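Okay, structure first, notes after.
The values are calculated or read from the model by the stated rules, or taken from the named source; none is laboratory data. On a predicted model such as this, the values are computed, not experimentally measured, just so you know. Positions of Cβ are generated from backbone atoms using ideal geometry, with glycine treated the same way; all protein chains shown enter the neighbour counts.
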Amino acid sequence: MLSADFGNLQSMSKMINDSRAEWLHFDVMDGVFVPNISFGFPVLESVKRDCTKLLDVHLMIVEPEKYVQRFAQAGAEMLTFHLEATKKPLEVIKIIRAENIKVGITINPDVPVKHLEPYISKVDMVLLMTVFAGYGGQKFIPESYTRIDEVKTLIAKHNPQCLIEVDGGVNFENAPLLFSHGVNVLVAGSTVFNAANPQHAISRLLDC
């Protein structure tokens with residue numbers, strides 16, 4: 001959603017509803033954890049009224065434990081937080097679970113994948129950032145393929161049902177390789193919303 005036209009979010013939601021996309025990825029930035037500010041509860045509530053797809057909310061904020069309930073009430077159905085943004089990752093997971101929504105955990109490209117291992121068995125999804133969190137339109141980091149393989153190994157060991165999502169620089173060229181490495185969910189912003197036909201772009205990514 002970060003790449004959408006913010007002045008036409010209702011039409012964006014309709015396009016997503018009519019497309020083959022299964023989720024809508026909603027980036028929340030606080031200007032502290034990342035050097036950018038996006039949107040919060042009122043915008044999520046508005047999108048929730050119009051969008052029928054699962055709302056996948058990515059918190060790029062410090063102390064996410066303070067805001068879990070508010071985002072759940074606003075419509076989040078999957079809530080993902082950054083491991084490096086909290087001193088209490090297990091508490092964050094527990095709070096999200098208490099809201100009866102799915103929980104995801106993520107790390108930036110400079111955080112070793114091994115730091116995720118204690119939490120893999122407790123989450124529904126690992127979001128692997130393939131750019132540094134904060135801005136849309138960045139270039140995919142090639143070393144991410146090795147990191148995806150590492151995550152896949154941890155998931156196979158601790159929680160085979162856990163999904164792998166990637167976010168950052170996803171396009172028509174790397175999507176097939178990402179799927180081949182075991183990625184389940186692709187977050188594609190610019191590739192979709194900058195396309196002449198966004199619905200066609202979504203289908204093209206899914207059919208890679």
Being in contact (Cβ under 8 Å) with a residue 40 or more places away in the chain and outside any helix (DSSP H, G or I) is the filter; apply it to the stretch 185-208 and report the residue that is surrounded by the fewest Cβ atoms within 10 Å (Cβ to Cβ). Asn194
If you go through the stretch 125-172 one residue at a time, how many are in contact with a Phe, Trp or Tyr (Cβ under 9 Å, 6 or more places away or on another chain), farther than 21 Å from Glu84 by Cβ and not aliphatic (A, V, I, L, M)? 1
In the stretch 50-76, which residues are more than 18 Å from Leu2 (Cα to Cα) and not hydroxyl-bearing (Ser, Thr, Tyr)? Val62, Glu63, Pro64, Glu65, Lys66, Val68, Gln69, Arg70, Ala72, Gln73
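Within the stretch 145-184, take every residue that is among the small types (Gly, Ala, Ser) and either part of a loop (DSSP other than H, G, I, E, B) or touching a residue at least 60 places away in the same chain (Cβ under 8 Å) (or both) and give me the one that is farthest from Phe6 (Cα to Cα).
So the residue we want is Gly182.
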Checked the stretch 23-48 for anything free of Cβ contacts under 8 Å to residues at least 40 places away in the same chain and surrounded by fewer than 19 Cβ atoms within 10 Å (Cβ to Cβ); matches are Asp30, Gly31, Val32, Ile37, Phe39, Gly40, Phe41, Pro42, Val43, Glu45, Ser46, Lys48
Being among the charged types (D, E, K, R), surrounded by 16 or more Cβ atoms within 10 Å (Cβ to Cβ) and under 23 Å from Phe26 (Cα atoms) narrows it down to one residue among Lys139, Lys122, Lys152; which is it? Lys122
Hey, among the residues in the stretch 3-42 that are in a strand (DSSP E or B) and in contact with a Ser or Thr (Cβ under 9 Å, 6 or more places away or on another chain), which one's farthest from Arg70 (Cα to Cα)? Leu24
Considering only residues of the stretch 99-116 that are in contact (Cβ under 8 Å) with a residue 40 or more places away in the chain and under 16 Å from the mean Cα position of the chain (by Cα), which is nearest to Ala72 (Cα to Cα)? Gly104
Kindly list, by first and then second residue, each pair from a residue in the stretch 74-98 that is assigned to a loop (DSSP other than H, G, I, E, B) to a residue that is of a type in the set (Asp, Glu), limited to pairs with Cβ atoms under 7 Å and residues at least 6 apart or on different chains. Gly75/Glu45; Thr86/Glu63; Thr86/Glu65; Lys88/Glu65
Only one of these conditions is not met by Leu55: (1) surrounded by fewer than 18 Cβ atoms within 10 Å (Cβ to Cβ); (2) touching a helix residue (DSSP H, G or I) at 6+ places or on another chain (Cβ under 7 Å); (3) free of Cβ contacts under 8 Å to residues at least 40 places away in the same chain. Which number is it? (1)
Please verify whether the stretch 128-144 includes one or more residues that are touching a residue at least 12 places away in the same chain (Cβ under 8 Å), aliphatic (A, V, I, L, M) and farther than 21 Å from Pro64 by Cα. yes
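Every residue, every condition in (1) over 21 Å from Met125 (Cα atoms); (2) modelled with pLDDT under 95; (3) not charged (D, E, K, R), yes or no:
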| site | (1), (2), (3) |
| --- | --- |
| Leu24 | no, no, yes |
| Asp27 | no, yes, no |
| Val34 | yes, yes, yes |
| Ile37 | yes, yes, yes |
| Gly40 | yes, yes, yes |
| Leu55 | no, no, yes |
| Glu77 | no, no, no |
| Glu91 | no, no, no |
| Ile96 | no, no, yes |
